[in-house]
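Structure, as structure tokens:
The values are calculated or read from the model by the stated rules, or taken from the named source; none is laboratory data. The structure displayed is predicted, hence computed values, not measured ones. In this analysis, Cβ positions are derived from the backbone assuming ideal geometry, glycine residues included, and neighbour counts consider all displayed protein chains.
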């Protein structure tokens, strides 16, 4: 069996030792090297040719973001970021995902040794996913500044949809690679788009920064969802990390339901929870979107949405970072259409402009 060759880059000797141990305990992985800073790592990558890199953000001589930007321009490879669970750490981690990192692990601020051991399964799962993920080269002109996502052009004007029923809601599920896929989709929607509800697999502490980032880039307003708030057109609501989100009726209005509970399909928030509520509450006035991600979370519930009359769009394999969740949704018979990421927003708009009822003209 060919093992996944992993290289660890972290300025902490303790973290390097722990990650090396965690990786080498796996029968399908081998830690081929560990570097204390990016300059040493650069030479080691040339010599060792690892399959996956774990990369700390805050390091001496060159921080992880600068190194990642250079790496993704010159020698693109799968990278899992190891970040600190702070507001600053969340913002920088999101920047790393914009630059092309596949995923991230939030290392504990205290009790690092015990904390990393508890995260061992999560770390190794993400390394496995990264090893099979689709990696894209960062455009050579993309600077690693904090103000604009790499390669993102100023948003082009999108004509308003005009008068639209407030009954319609778009539901989006995503995981690995989904932060950037969701950004691209939302940036293609006009300010008067229907309400959008999003479950992106993310841990606590990151979704608020993610929502703020999207809000600064999109025409629609984007926020981290709060339990009981009214779901309004022109707004997108992101499930808070560590909590489930669904939709409910309150009189003539839709409202968010944000709550704690058991993980579903190993996830909290879970796409399954959101999509089941969409099928039950919104029915034919829903539109479902499944974006890139590992696993099967949401696939069965998306089929339930389709059976209830929704129109569902699924991201195609070629444009996915990981073709897991979309593949499972297609296999479940949940997809009305399978499209490249760049075509999904315009297809949503087209459907909304031409449909008098989203349950009509089903495949």
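Below, the figures for the structure above:
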{"item": "Where residue 288 falls short, out of the listed (1) buried (at least 21 other Cβ atoms within 10 Å of the Cβ); (2) in a helix (DSSP H, G or I); (3) within 22 Å of the chain's Cα centre (by Cα)", "result": "(2)"}
{"item": "Residue that is farthest from residue 117 (Cα to Cα), among those in the stretch 1-15 that are crowded, with 20+ Cβ neighbours inside 10 Å and modelled with pLDDT of 95 or more", "result": "4"}
{"item": "Residue satisfying condition, being closer than 24 Å to residue 78 by Cβ and free of Cβ contacts under 8 Å to residues at least 60 places away in the same chain, within set 182, 207, 176", "result": "207"}
{"item": "Complete set of residues in the stretch 293-308 that are in contact with a strand residue (DSSP E or B) (Cβ under 6 Å, 6 or more places away or on another chain) and part of a loop (DSSP other than H, G, I, E, B)", "result": "297, 298"}
{"item": "Qualifying residue in the stretch 350-363 (condition: within 29 Å of residue 130 (Cα to Cα) and in a loop (DSSP other than H, G, I, E, B))", "result": "no"}
{"item": "Residue in the stretch 296-321 that is nearest to the chain's Cα centre (by Cα), counting only those that are surrounded by fewer than 24 Cβ atoms within 10 Å (Cβ to Cβ) and under 19 Å from residue 101 (Cα atoms)", "result": "319"}
{"item": "Candidates 196, 258, filtered to the one that is over 22 Å from residue 91 (Cα atoms) and surrounded by fewer than 22 Cβ atoms within 10 Å (Cβ to Cβ)", "result": "258"}
{"item": "Residue within the stretch 241-251 that is touching a strand residue (DSSP E or B) at 6+ places or on another chain (Cβ under 9 Å), surrounded by 21 or more Cβ atoms within 10 Å (Cβ to Cβ) and under 18 Å from residue 167 (Cβ atoms) present", "result": "yes"}
{"item": "Residue within the stretch 330-342 that is under 16 Å from residue 182 (Cβ atoms), part of a strand (DSSP E or B) and either touching a strand residue (DSSP E or B) at 6+ places or on another chain (Cβ under 9 Å) or not assigned by TED's automatic domain parsing to the domain that holds residue 175 (or both) present", "result": "yes"}
{"item": "Residue pairs meeting the criteria (Cβ under 7 Å; at least 6 apart or on separate chains; first touching a residue at least 12 places away in the same chain (Cβ under 8 Å), in the stretch 119-136; second surrounded by fewer than 16 Cβ atoms within 10 Å (Cβ to Cβ))", "result": "135/76; 136/76"}
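Residues checked against (1) in contact with a helix residue (DSSP H, G or I) (Cβ under 6 Å, 6 or more places away or on another chain); (2) closer than 20 Å to residue 123 by Cα:
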position: 18; (1), (2): yes, yes
position: 24; (1), (2): no, yes
position: 43; (1), (2): no, no
position: 56; (1), (2): yes, yes
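Table: residues versus (1) under 24 Å from residue 211 (Cβ atoms); (2) out of contact with any helix residue (DSSP H, G or I) (no Cβ under 7 Å at 6 or more places or on another chain); (3) modelled with pLDDT under 75.
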site	(1), (2), (3)
71	no, yes, no
93	yes, yes, no
132	no, yes, no
140	no, no, yes
148	yes, yes, yes
